[in-house]
Amino acid sequence: MKTLTARTKSALLIVATLIIGAVIGALVHARITDQRFDRLAAMRSHRGFARLIERSVEFESPEQREAVLDIVDAASTRLFENMQRTRRETAEILDSTREQLSHVLSPEQMEQLEKRLMRHRSEQMRRRSRDMPPPPPGH
């Protein structure tokens, strides 16, 4: 049985170190990316904007804090409702467009288009299910 030379051992150690470094780097990158997405998702929530204001402002009194948060909560509710309405309107426009295209495209082209749209929709749903917070209370 052959024994490994010092040169071979050194090369294996360097390669192993590089592999371990790459794995650790990939894990750290994935964690940082997840944290960024979590922060973005939190901002789209009903309370996300309020949390940002709360962390950004040094309130002079508890009364001032409450007054600001009341204003921000009301705006957050309106923003959330606007976002929901915009999504519904977008879906209606897309449905109308699809209907119009069905009169111009061949059945095969429509089938291709529908498959691609389904893939796109499932990708969006996967992202949304991870990134989208639940609706505000009472909605």
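Each reported figure results from applying straightforward, stated rules to the coordinates on display, with no laboratory input. Note that the structure is a prediction, hence the values are computed from the model and not measured. Neighbour counts are summed over all protein chains in view; Cβ atoms, including those assigned to glycine, are modelled from backbone coordinates with ideal geometry.
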Please indicate, with yes or no, whether at least one residue in the stretch 59-76 is in a helix (DSSP H, G or I), surrounded by fewer than 10 Cβ atoms within 10 Å (Cβ to Cβ) and not acidic (Asp, Glu). yes
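Can you tell me which residue among Phe37, Phe49, Phe80 is part of a helix (DSSP H, G or I), touching a His at 6+ places or on another chain (Cβ under 8 Å), surrounded by 10 or more Cβ atoms within 10 Å (Cβ to Cβ) and not basic (Lys, Arg)?
Values: Phe37 fails: touching a His at 6+ places or on another chain (Cβ under 8 Å); Phe49 fails: touching a His at 6+ places or on another chain (Cβ under 8 Å).
Within the list Phe37, Phe49, Phe80, the selection yields Phe80.
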